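Chemist: Take a look at this one; I'll ask things after.
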Amino acid sequence: MKKVTLLIPVYNEEATLPVLYKRLLELMARNGGYEWEMLFVNDGSSDRSLDCLRRLRAEDPRVNYVNLSRNFGKEIAMLAGFDYATGDCCVVMDADLQDPPELVDQMLKYWEEGYDDIYARRRTRGEESWLRRRLSLAFYSLLQKMSRIDILPNVGDFRLLDRRCVLTLRRLREHERYTKGLFCWIGYRKKGIEFDRGDRVAGRSSWSFFRLLNLAIEGITSSSTAPLRIATVCGLLCSVSSFVYGIYFLVKTLLYGDQAAGFPTLIIVILFLGGIQLFALGVIGEYIGRIFKETKGRPAYIASDYNETKLGYE
C-alpha cells in the first residue's frame, strides 16, 4: 500500500488545527486505499499549537509532529518536513485551510498517472488586498524575466511531490531558501491544477509587508544573479556618460574658455554617481551576506522534539 505524507508547517495556528484535522480525516476517509501520515512542523509557535498537536498525536497515531527549537521561518520548516517525511509522496499545504484539502484527491489521481510534481495554481487569491495582489503579480513577472528557470506565477507551496522530488529537495541545504524557485529548479514531470484560494478559517496571517518583501529579495537573489549584472551595466553606462560629459566640458573650455557656471550640474552628477555606487554596493552586499551565512556551516534548523522523543546534537 502506498503511503501519503501530508506536510503542514505550523506557526501560531491553535485555532485552525482542530478544524484542519477534521477536514484531513474526511480526505483520508475518501482515499482509504492509501496509508496516511499527517506530519506537522511546529515552527516555534508562541501559542498553544504544540499542545494541540500533542493531543492529536495521543488520539491518532497517524499524526506526527516535529517541534523546532525556535521560529526558523516557513521555508526552513518545509525543509525539516522533507527530512522527516516517510511517504511515497508528500503533499505540502498550509494550516490555515486557504489550501483546500479536497484538491488532494485530484493530485493523487495525476500522481498515479505518473506526474512527479502536481502544483496548485491560484485562480483567485482569497482575502488579499488589491495592492498586495498587484505587487505579487509584478514580483512574479520580474522574477520570471531575471531567472534562467521558469518560475510559475500564482503558484504557492501547495502541491504533491513524488518521493524522488522530496529526496532531491533534501539535498539542497542552503539556508537562504526560496522553495518556490527550488520546486522549479529540480525539474521532473509537472502538472498544474487551478483552484480558488479561500480565506483563513481563523487568526491573522503572519506574513507582514516587510516579511513578504524579504521573501521577494530571497527569491530574486536565490534564483538569479541578474541584480549583479544590472549593477555592472549601470556602472558601465555611468562611466560612458561621465566620459562623454567630460569630453563635452573639455571642448567647451577650449572653445569658450573656463567658466564658473555649471555648479548645479556638477552637484547633480556627483549625487547621481554616488547613488549608483551605493546601489551597486548594496546589491553586492546582499550576495556577500548570503555567502557569509552559508560558509558558517550551521545546520539549517534545530529540531527539539519528534513526537514524544527529545532530540539533541552530540
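Chemist: Name every residue in the stretch 12-26 that is assigned to a loop (DSSP other than H, G, I, E, B) and surrounded by fewer than 23 Cβ atoms within 10 Å (Cβ to Cβ), in order of residue number.
Modeler: Asn12, Glu14, Ala15, Thr16
Chemist: Can you find a residue that is of a type in the set (Asp, Glu) and within 15 Å of Arg159 (Cα to Cα) anywhere in the stretch 37-45?
Modeler: Narrowing the stretch 37-45 to residues of a type in the set (Asp, Glu): 37, 43.
From the residues that got through so far, the ones that are within 15 Å of Arg159 (Cα to Cα) too are none.
No, every residue in the stretch 37-45 fails to be of a type in the set (Asp, Glu) and within 15 Å of Arg159 (Cα to Cα).
Chemist: Next question. Quick one: which residue in Asn42, Asn64 is assigned by TED's automatic domain parsing to the domain that holds Gly192, polar (S, T, N, Q), within 27 Å of Leu169 (Cα to Cα) and in contact with a Lys or Arg (Cβ under 8 Å, 6 or more places away or on another chain)?
Modeler: On inspection, the qualifying residue turns out to be Asn64.
Chemist: Among the residues of the stretch 32-55, what is the count of those that are under 10 Å from Val66 (Cα atoms) and not in a helix (DSSP H, G or I)?
Modeler: The total comes to 5.
Chemist: If you don't mind, there's one more thing I want to ask. Just to be sure before I move on: is Gln106 among the polar types (S, T, N, Q), in a loop (DSSP other than H, G, I, E, B) and assigned by TED's automatic domain parsing to the domain that holds Asp47 in the structure I sent?
Modeler: When the stated conditions are applied, Gln106 does not pass them.
Chemist: Tell me whether the stretch 145-153 contains one or more residues that are in contact with an Asp or Glu (Cβ under 7 Å, 6 or more places away or on another chain), at pLDDT below 80, basic (Lys, Arg) and assigned by TED's automatic domain parsing to the domain that holds Tyr11.
Modeler: no
Chemist: Let me ask something else about it. For the stretch 98-124, which positions are buried (at least 18 other Cβ atoms within 10 Å of the Cβ), among the polar types (S, T, N, Q) and modelled with pLDDT of 85 or more?
Modeler: Passing the criteria: none in range.
Chemist: Being surrounded by 16 or more Cβ atoms within 10 Å (Cβ to Cβ), touching a Gly at 6+ places or on another chain (Cβ under 8 Å) and not basic (Lys, Arg) narrows it down to one residue among Asn42, Asn71, Asn64; which is it?
Modeler: Asn71
Chemist: Another question, then. Given the criteria over 20 Å from the mean Cα position of the chain (by Cα) and closer than 20 Å to Asp83 by Cβ, does Ala280 qualify?
Modeler: no
Chemist: Could you pull out the residue among Ala29, Ala77, Ala58 that is outside any loop (DSSP other than H, G, I, E, B), buried (at least 19 other Cβ atoms within 10 Å of the Cβ), small (Gly, Ala, Ser) and out of contact with any Ser or Thr (no Cβ under 9 Å at 6 or more places or on another chain)?
Modeler: Working: Ala29 fails: buried (at least 19 other Cβ atoms within 10 Å of the Cβ); Ala58 fails: buried (at least 19 other Cβ atoms within 10 Å of the Cβ).
From the options Ala29, Ala77, Ala58, the qualifying one is Ala77.
The values are calculated or read from the model by the stated rules, or taken from the named source; none is laboratory data. Small disclaimer: the values here were computed from a predicted structure and weren't measured. Please note: Cβ atoms are built from the backbone with ideal geometry, for glycine as well, and neighbour counts cover all protein chains shown.
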